[in-house]
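The values are calculated or read from the model by the stated rules, or taken from the named source; none is laboratory data. All values reported here derive from a predicted model rather than from experimental measurement. Here Cβ is always computed from backbone atoms with ideal geometry, including for glycine, and neighbour counts include all displayed protein chains.
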């Protein structure tokens, strides 16, 4: 069950990952445009907006930063909020560990620089189904980063002119993508049980816990099911 | 409190970027400190699928009828063809069509 061969990362695999994720990046561009427009309206300088999208590259955390932005910004609350929202990345990174542990440490961390929901899901699906490559993580991450930046710029420049992305269904890309990747993986009673526990915990967290805790709550609940219900030895 | 005049924004954003990068690296780093046994493997395997579902839950709860139809269409085509891209494309088309009508 545990991988024994290090995943590969060639230029061709990155290029393939880039083109596989580029169509999905459409929704990232739309989300980026919404951020660019909101940031201009909040009063951030253009160079600061571009700098934030390029270096932070985490949409929900960037929107949260706008809520705290003013003539003065409370730095510690902002960083705690950023960490809380991005704590899901800790879980996502952890799920890649069995494969990344086999990779030299420089390449291991470099391939995580653009880790986000979509390229994580695609890369994990590849690795779990025997395609032993980090191409989707790195190449797909570059596609997402570029479209996030392009979307931010478009929102800053033409914000008011962009049509409502909801009319084209673009707001549903992430949901449809996550569902399709969940259904693409191997299913057994054990994985379905962890989904149900994760889904229920995420729902409860979304209803009753502070905002943006639902992914961590769901991930930990599903992980607990996985830890208690072990696969039989083959 | 940090003032947003002068170099303030650069400092604030650089700190945010650093915290986010630590979150990206942290999961793998922490796992490196823990011996990988069958329980831990079971935990991260269970976590992998349930994070997908956990991202999905508020999207489905938040969605209008068009959005929920999109998820249904994607799920149905995915179970039939097992190909993500056509399934996602159908879902988006269903949402756009429903909202246009």
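Annotations for the structure displayed:
- Screening residue A:166 on (1) more than 22 Å from residue A:63 (Cβ to Cβ); (2) without any contact (Cβ under 8 Å) to a residue 40 or more places away in the chain shows it passes everything except condition (1).
- Within region A:16-25, the residues that satisfy the criterion of being in contact with a helix residue (DSSP H, G or I) (Cβ under 6 Å, 6 or more places away or on another chain) and in a helix (DSSP H, G or I) are A:16, A:17, A:18, A:21, A:25.
- Once region A:152-190 is narrowed to residues that are more than 21 Å from residue B:59 (Cα to Cα) and surrounded by 15 or more Cβ atoms within 10 Å (Cβ to Cβ), the residue that is modelled with the lowest pLDDT is A:162.
- One residue alone among A:48, A:33, A:6 is over 27 Å from residue B:13 (Cβ atoms), out of contact with any strand residue (DSSP E or B) (no Cβ under 8 Å at 6 or more places or on another chain) and at pLDDT 90 or above, and that residue is A:6.
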